[in-house]
1. Looking at (1) at pLDDT below 95; (2) surrounded by 15 or more Cβ atoms within 10 Å (Cβ to Cβ); (3) of a type in the set (D, E, K, R), find the lone condition where E55 falls short.
2. Going by what's in this entry, would L79 be described as over 14 Å from Y90 (Cβ atoms) and exposed (fewer than 15 other Cβ atoms within 10 Å of the Cβ)?
3. Condition test on E40, is it within 16 Å of F89 (Cα to Cα), loosely packed, with under 12 Cβ neighbours inside 10 Å and at pLDDT 90 or above?
4. Taking the range 29-63 as the search range and keeping residues that are over 23 Å from R16 (Cβ atoms) and part of a strand (DSSP E or B), which one is farthest from the chain's Cα centre (by Cα)?
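The values are calculated or read from the model by the stated rules, or taken from the named source; none is laboratory data. Keep in mind that this is a model prediction, so the values were computed, not measured. FYI the Cβ positions are ideal-geometry reconstructions off the backbone, even for glycines, and counts take in every protein chain you see.
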Amino acid sequence: MIAAMNEITVNDTPQRPALPDHLSADARSPFHVAAVFEHEVGIRFNAKERLDVEEYCISEGWIKVPAGKTLDRKGHPLLIKLKGRVEAFYR
């Protein structure tokens, strides 16, 4: 009976999907994966944690972040690309 209860608690924990190589927070992007955003995702860029990342690519080594309060002609934040070492993780 106790062994069966332990199996239930172990199997009840939700599995997190693997973090993709390229991920975007913008729902209109082909690189947006909604299942990943059900959990809190963290990004380390050049060994410092960043909280303002809108898109990243680990294999190419870049992130996109908003350029201040600047907006594009459609009203979305203007993004700039920064190159460096990128690490993605679940918090």
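1. Every listed condition holds for E55 apart from (1).
2. Working: over 14 Å from Y90 (Cβ atoms): yes; exposed (fewer than 15 other Cβ atoms within 10 Å of the Cβ): no.
The answer is no for L79.
3. Values: within 16 Å of F89 (Cα to Cα): yes; loosely packed, with under 12 Cβ neighbours inside 10 Å: yes; at pLDDT 90 or above: yes.
Against the criterion (within 16 Å of F89 (Cα to Cα), loosely packed, with under 12 Cβ neighbours inside 10 Å and at pLDDT 90 or above), E40 qualifies.
4. Ranking the qualifying residues of the range 29-63, first place goes to K48.
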